[in-house]
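The values are calculated or read from the model by the stated rules, or taken from the named source; none is laboratory data. In this text, all values refer to a predicted model and were calculated from it rather than measured experimentally. Note that each Cβ is placed from the backbone with ideal geometry, even for glycine, and that neighbours are counted across all protein chains shown. Side chains are part of the model used for accessible areas, which takes the heavy atoms of the whole protein and leaves out ligands, DNA and RNA. Shrake-Rupley method; radii C 1.70, N 1.55, O 1.52, S 1.80 Å.
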Amino acid sequence: MASSGGRWRDLGAFRARGVHGWVALAEGIDRMVTGIESPVDSERGLAGRLRYLTASDAGYEAMDRAGIHVRPRTLIAWLAEEQTPSKANLARLDAAYWDLRRRNVIADLKRRLNNRGRGTRIEIDPVDQTAVDRRHQRDLETRSVSVRGVWDRAVDAWIAEDTDELEAVWDDIIQSTLGTDWDAYTHVSSIGWAA
């Protein structure tokens, strides 16, 4: 999912700033996915991504989804470091790599977040009200809640980029854990994983 960094928006007439809670939830799941840290345009980063992508049929499918359509000999030249992909193909290789990484960790993410039925504790940071006139500010605080029973749905919606389902999952989370306060957390500053 695309990051909302820099895409915060003013919410309503009073200029509180934040993002939809489901966006922050998807970004939180996305941050749990780790992989090759070297940039794709470095020798090490490119080689690692190519090895990962060419090790399975799923990797070739990820390259196809990313729009990488080259002759087999071109791919062999990339793997042998005899030829460097164009800037556009480097971006596509990076996208294919992260797409495959995300797909490959789905089961692990579900297992970690479900935590044997105990769920996962998250921290919900309310919207930023620093630009809101003092008399219009709401008394909102960071909330720490245990979330159970929605993680399979959340991860499936995240990987499918199903924004409607992510929004429904977020609504379920806030309505079941925050009581009558839930509507104040439809938009948030961020979501973090509580210790």
**OP:** Above 13 angstrom, tally the Cα pairs of segment 142-192 and express them as a % of all pairs, no decimals.
**Re:** 59
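Divide the volume of the convex hull of the Cα atoms of segment 14-88 by its number of residues and quote the answer in cubic angstrom per residue.
148
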Original post:
Could you give P(r) for segment 86-191, binned at 10 Å from zero, as whole percent values over all Cα-Cα pairs?
Top reply: 13, 34, 28, 17, 7, 0
**OP:** Would you tell me the accessible area of T34, worked out with a 1.4 angstrom probe on the heavy atoms of the protein chains, in Å² to the nearest 10?
**Re:** 90
Original post:
Simple spin-label model, 7 Å along Cα-to-Cβ: S176 to R135 in nm?
Top reply: 4.2
Subject >> Average accessible area per residue (Å²) across the chain - probe 1.4 Å, nucleic acids and ligands excluded >> reply: 57
Original post:
Of all accessible surface on the chain at a 1.4 Å probe, what whole percent is carbon and sulfur?
Top reply: 45
**OP:** May I ask for the Rg/Rh ratio of segment 32-73, computed from Cα atoms with Rh as the Kirkwood radius, given to two decimals?
**Re:** 0.99
**OP:** Please work out how much accessible surface D94 shows to a 1.4 Å probe, ignoring ligands, DNA and RNA, in Å² rounded to 10.
**Re:** 50
Subject >> Reduced Cα scattering model of the chain, Debye log10 I(q)/I(0), q = 0.18 Å⁻¹ >> reply: -1.13
**OP:** Only loop residues by DSSP count here, and only those with at most 12 other Cβ atoms within 10 Å; note down the GluC sites (Glu not before Pro) in segment 25-119 that meet that.
**Re:** E37, E81, E82
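How large is the dipole of segment 46-195 about the Cα centre if only Lys and Arg carry +1 and Asp and Glu carry -1, each at its Cβ, rounded to the nearest 20 debye?
For segment 46-195, the charge dipole is close to 720 debye.
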